[in-house]
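The values are calculated or read from the model by the stated rules, or taken from the named source; none is laboratory data. Values in this document were obtained by computation on a predicted structure and should not be read as measured data. Here the Cβ positions follow ideal geometry from the backbone for every residue, glycine too, while neighbour counts run over all protein chains shown. Ligands, DNA and RNA are excluded from the accessible area calculation, which covers all protein heavy atoms including side chains. Shrake-Rupley method; radii C 1.70, N 1.55, O 1.52, S 1.80 Å.
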Amino acid sequence: MTAELILFLVLALVAVGAALGLLFSRNAVYAALFLVLNFITVAVFYLLLNAPFLAMAQVTIYAGAIMVLFLFVIMLLGARKLKTSGENLWQRRLAIGLGVVLLGELVVLFFAKGWRGTLIGDIGSKFGSPEHIGIELFNQYLLPFEITSILLLVGIIGAIVLTKDN
Amino acid sequence: MIPISYYILLSAILFTIGAVCVLIRRNAIIIFMGIELMLNAANLAFVAFANQHQSVSGQIIVFFVIAVAAAEVAVGLALIVTIFRTKRSIDVDQLSSLKG
């Protein structure tokens, strides 16, 4: 057991626990906070995987901007006033059964390929740095980058039009 | 050194929890969070493979996924707010106007 493996196992436990907290929490605000915890643990995984730029983007965009938007809407709609229809027990059992089947399928698919390659802990300080990502992004992926900016513009306009008061 | 299979297994578990969250929760906002969890699990697999193949392309795809998720959340939450204004509820079981 190396220190890296222990760190991985503890973080994996926190990530799965936070995801289960999202799944089972009654209160929407708690669910959102569990999701923030999950995003931050995934950001630490990105650091372990030599992706420092993505780790920072994850914290600022996902755990920051997106989750603030979620919490804002939850507060706007009133966290406690949301009425729920009666629990459908057979639906819940069916969903959990289907989830187990999905997990089994994923595991079989992934491990039938025999991916046993070990990860390289330290590829070099340049890999995944903002400089490296930027050079690749603006040389090889320039067109997708521009399309993404148009998509974000459409998203902004769509959000404004949809919530406009008539 | 951590084998890549650990990361793939973790990603599969997180994806499954997100899918089950979409299936069993009735609150539209929490269903949305389940979708975010699934996107995040896929991103983790992308970054793990980017590390294994020592190619930064996987990380750039994750960057695009984050941008698309941001746009998706903005529009999706605007839709939820609009639905709440007209129906006074965001319980997906009560949104059955199109039921034949």
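Once both labels are positioned 7 Å from their Cα atoms along Cα-to-Cβ, the gap between A:VAL10 and A:ALA112 label points is 3.8 nm.
The accessible surface of the range A:1-80, taken with every protein chain in place and a 1.4 Å probe, is 82 percent carbon and sulfur.
Once you have a ≥ b ≥ c as the square roots of the Cα gyration tensor eigenvalues for the range B:27-88, tell me rounded if a/c is under 1.5, and otherwise prolate or oblate according to whether a/b is larger than b/c. Cα axes put the range B:27-88 in the oblate bin. Annotation for the range B:5-79 versus the range A:7-58: alpha-carbon center distance of 11 Å. When the Cα positions of A:LEU106, B:HIS53, A:TYR141 are compared along the charge dipole of the protein assembly as shown, A:LEU106 comes out farthest toward the positive end, with charges on each C-beta of Lys, Arg, Asp and Glu. Summed over the residues of chain A and divided among them, the accessible surface reaches 60 Å² per residue at a probe radius of 1.4 Å.
Provide the buried accessible surface between chains A and B in square angstrom, both chains summed, 1.4 Å probe, rounded to the nearest 100.
7100
By a 1.4 Å probe calculation restricted to protein chains, B:ARG85 has an accessible surface near 110 Å², given to the nearest 10.
In this structure, A:MET75 and A:LEU152 have a Cβ-Cβ separation that, at R0 = 25 Å, corresponds to a calculated FRET efficiency of about 0.55. Mean separation of Cα pairs under 8 Å and 6+ residues apart, divided by the residue count of chain A: what relative contact order is that in percent? Relative contact order comes out at 21 percent. Measuring nothing but how far apart in sequence close Cα pairs (under 8 Å, 6+ apart) lie, relative to its length, chain B scores a relative contact order of 27 percent. Its DSSP H runs of at least 4 residues, each contributing -39,500 (n - 2.57), put the calculated 222 nm mean residue ellipticity of chain A at -23500 deg cm²/dmol, to the nearest 500. Per residue, the solvent-accessible area of chain B (1.4 Å probe, heavy atoms of protein chains only, all protein chains present) comes to 37 Å².
Amide hydrogen proximity for B:SER89: with H placed 1.01 Å from N in the peptide plane, no residue at 5 or more positions away or on another chain lies under 5 Å. Note on chain B: with charges restricted to the Cβ of Lys and Arg (+1) and Asp and Glu (-1), its dipole about the Cα centre is near 380 debye. Any residues in the range B:27-50 that have 50 Å² or more less accessible area with all protein chains than in their chain alone, probe 1.4 Å, and which are they? Correct list: B:ILE29, B:MET33, B:GLU36, B:LEU37, B:ASN40, B:LEU44, B:VAL47. Summing Cβ point charges (Lys, Arg +1; Asp, Glu -1) relative to the Cα centre of the protein assembly as shown gives a dipole of roughly 1080 debye. Heavy-atom surface analysis with a 1.4 Å probe gives chain B a carbon and sulfur content of 68 percent of its accessible area.
Classification of the protein assembly as shown by its C-alpha gyration tensor yields an oblate form. The axis ratio a/c (a ≥ b ≥ c) is 1.5 or more, and b/c is at least a/b. Toward the positive end of the charge dipole of chain A, with +1 on the Cβ of Lys and Arg and -1 on the Cβ of Asp and Glu, the farthest Cα among A:LEU33, A:LEU49, A:LEU152 is that of A:LEU33.
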